[in-house]
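Every number in this text was worked out from the coordinates using simple rules, so none of it is lab data. Note that this is a predicted model, so its numbers are computed, not measured. Note that we place each Cβ from the backbone using ideal geometry, even for glycine, and neighbour counts take in every protein chain shown.
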Amino acid sequence: MLAPKLDVVTIFVLLMETYLVSYQWRFTFYLCIFCYGIRFLWSSPWLWDTRQCWHSYPYQPLTSGLYYYYIMELAFYWSLMFSQFTDIKRKDFLIMFVHHLATIGLITFSYINNMVRVGTLIMCLHDASDFLLEAAKLANYAKYQRLCDTLFVIFSAVFVVTRLGIYPFWILNTTLFESWEMIGPYPSWWFFNGLLLILQVLHVIWSYLIVRIAFKALIRGKVTYPGRIRPRLCTLHSFLTSFLFSVPGGSWTVSSLA
């Protein structure tokens, strides 16, 4: 019996379904790991008092919860790096490859130096907005325009608050000042904080790109009617499509703004 022939439309549908599945599993992981992180940190003393991150450092016990948290995050980013070679090739392939390598390096470095307490705070903080972006991508593919717009607005707000508010005034405060006061500087202290400061610079750049995109969408979201100008509700769908799907995994490029 001959196998049925696959026409162009069928192949396209299969490719799109495969592509959509990749966003589904990323959304599922980001959501699950964020919930796990919140549940784990809720009972951890260093969530409420960041000075606990440096008590008895570096002789801090590695609990099973900490171990599994780190292993899951590290395994996920390793999988993202390798899946790039089988995913749809994008213009930002090299940038994302370097991004995944840097993330793996940071997680590994903090684990080796037993900076796992503050490491869990950093990972959970960054996971807070990633699942929202993946959800917006899924809503766009499902053609739920209003849901896509709403999710992107929520994602933008969470991203700016966590990366420009909580991260510098909570994370950097403890890694730069509280750690200096309690344990003093040491060689890896300079390297670790240098990487975190570079990360903050990236946060500023990414936040600027998000705000710029949202502002342009607001400007273009005005429809001129005969005899009057009536602004309509902001529709981010058409303007943000290239942004949402240009870079998987929550990173952005300037080319997506063109």
(message) If I model a spin label as a point 7 Å beyond the Cα along the Cα-Cβ vector, how far apart are those points for Lys89 and Cys32 in nm?
(response) 3.2 nm
(message) Cut-off is 10 Å between beta-carbons; in what order do Glu181, Glu73 appear when sorted fewest neighbours first?
(response) Glu181, Glu73
(message) With the crude spin-label approximation of a point 7 Å out along Cα→Cβ, what separation in nm comes out for Val98 versus Ile198?
(response) 0.9 nm
(request) List the extent of the Cα atoms of region 34-167 along each of their three principal axes, largest first, rounded to whole Å. (result) 52, 32, 25
(message) Using only the Cα atoms of region 171-213, what semi-axes does the equivalent ellipsoid have when each is the square root of 5 times a gyration tensor eigenvalue? Give whole Å, largest first.
(response) 28, 10, 4
(message) Can you give me the C-alpha center-to-center distance between region 190-211 and region 19-84, rounded to a whole angstrom?
(response) 20 Å
(request) Could you list Leu199, Leu101 in order of exposure, starting from the residue whose Cβ has the fewest other Cβ atoms within 10 Å? (result) Leu101, Leu199
(request) For each of Cys124, Cys148, count neighbouring Cβ atoms within 10 Å of the residue's Cβ, then give the residues from fewest to most. (result) Cys124, Cys148
(message) Could you check the spin-label model distance between Ala75 and Ala157? Points 7 Å from the Cα along Cα→Cβ, value in nm.
(response) 3.5 nm
(request) Taking every pair of Cα atoms in region 139-201, average 1/r, invert it to obtain the Kirkwood radius, and report Rg/Rh to two decimals. (result) 1.27
